[in-house]
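Beneath this line is the structure, given in structure tokens, with notes to follow.
Nothing in this text is a laboratory measurement; each read-out follows from the coordinates by a stated rule. Because the structure is a prediction, the values reported are computed rather than measured. For neighbour counting, all protein chains shown are included, and Cβ atoms are generated from backbone atoms with ideal geometry for every residue, glycine included.
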Amino acid sequence: MNQPRIQNRPIQISGNLICGVIIAFFVISVTRTQSYMTHFSDQSNESSCHVGTYIENVCRKYLPNTNENVPNTHEDVPNTNEDVPDAHEDASTQRIDFNKSIEMKYFKRNRNARSVTCSNLFRGDMSEITKAKFIMKTVKPVRMNLEVLIGLRDRRKCAAFINQRGYIVDSLTEEEQDFPVAFGMLVHKEIELVERLLRAIYRPQNFYCIHIDAKIDRKARAALEGVVGCFPNVFLASRSIRVAWGSFQVLEAELVCMRDMWQHQGWKYFINLAGQEFPLRTNYELVRILQAMDGANFVQSSLRGAKPSRWKNAPPIPLGLRKVTGALHIVVNRGFVDYALHNQTAIALFNWCRYTKIPDEIFFNTLNHNPQLGIPGSYTGDPDDGFMKPHISRFKIWRGMPFSCDRFIRRVCILGMNQLPVLVRRPEFFANKFSLEHDPYAYDCMEELLYNRTRHQYLHDRSVNTCYYSSLWQYKYRVPGH
């Protein structure tokens, strides 16, 4: 398979200017400021695919290979939206088949958050933001009572809980039914957020492993045990590890859920999550995108950002592998998980990572960017390919990125109402991270958005534009296989 890099590309100021002007023209041309449900017209889809390819070719010709050191900003990723019809589909004539009983069960009406108008917040309306902040200061928020979740250990209460909380316990579409996804979730705080995240991503055909940090208090653990017991496809990790940031235990906890998940047959992709995240794509969109990716993995990578100090006390790396670092967040196919768990090279690399610093940002990234290993879906190009190899699995705002933020923890923005106009237009799969203590309305509005998009897709428009994703180099330059 051909390498995507063009060797010895000169840095030219004129090239940067040309590429920047074309990108700006592209974004301005296709963006539509309509409701927060849709942003592109149907007619722009096929032309946007062609323009996107043209942009890639121009930028490869005129720009040097650039990939910012981790964290990567990716501010040059074009805005995409979930409701754009696929370039190869005619949304106006596509036949929508849906079950009337499912409509009445889940989708009788749109969902609206209490106390605020989310559509205004997604538009960045300052009067709405001011009103919401005033309510947060003057009205005590209604929080979930963990005793209710603990009470679910009496399984007779599960049916009422699932119904009252609005879990979707039907597959909804054949595409989703035939394409199960496995999720591993590391949890250490904010149990209410964990339950709400599970509700947002839950489908009966998927699988969910929740690793509870050994440090968590008994009441929180009992609450999660109550929720998990209500669903046949949700389970707690077989081991509970005491996790500390930057330690080997982070990687170890990830592998526990992977091993547990391997026992379940049929799922196509594995996605790891933290409890303070929220999806930017509906389950239907996620499935359609992953189907189009045909086994490609999404794992962030950097060579220039790899600091030798991270492994200065480690022995030589097995097989002389290229050392690659990047974010922990991954979206990988089943074949990648098989290799990571069972291949002797991966096991040797895992043990080597014990002697490194922040090994969770080394293990998966190194595996995915040594294509000579033949791991399905791994990347055959340069790990520092940045413009057309964005970190699509997760959107974070790091300190120093060109986005406003009221609060940072470990240089990561705690997302709030001011970030909603950005989140509604991002192409990534999930956003990190939220806190109900910081801004409950941001999470409320993201839930409203996801539900209403799911409803709209089920009842009205099943078309999904996968053109942007299939133009990414993770797809174009991958090792074949699943």
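General observations
- Remark: Met144, Met388 ranked as Met144, Met388, counting other beta-carbon atoms within 10 Å and listing the fewest first.
- Rounded, prolate or oblate (a/c below 1.5 giving rounded, otherwise prolate when a/b exceeds b/c) for region 165-294 by Cα gyration tensor: prolate
- Where a label projected 7 Å from the Cα of Lys137 along Cα→Cβ would reach, residues of region 401-443 with amide N under 17 Å: 406-407, 417-418, 438-441
- Efficiency of FRET between Ser471 and Met144 - r from beta-carbon atoms, R0 56 angstrom, step 0.05: 0.85
- Order of Thr356, Thr130, Thr282 under a 10 Å beta carbon neighbour criterion, fewest first: Thr130, Thr356, Thr282
- From least to most packed, judged by other beta carbons within 10 angstrom and beginning with the fewest, Ser171, Ser302 follow the order Ser171, Ser302.
- Reach of Lys189 by Cα under 17 Å, taken over lysines that are not fewer than 8 positions away in the same chain: Lys215, Lys219, Lys433
- Cross-link reach list, lysines versus Lys100, counting only Cα pairs under 26 Å and skipping chain neighbours closer than eight places: Lys108
- Relative packing of peptides 115-122, 377-384 - highest average C-beta neighbours within 10 Å first: 377-384, 115-122
- C-alpha center-to-center spacing [region 139-193, region 315-369] in angstrom: 32
- Take 344-351, 274-281, 289-296, 475-482 and order them by the average number of nearby Cβ atoms within 10 Å per residue, most first; the result is 274-281, 289-296, 475-482, 344-351.
- Alpha-carbon Debye profile of region 103-164, log10 I(q)/I(0) at 0.16, 0.17, 0.22 Å⁻¹: -0.80, -0.84, -0.94
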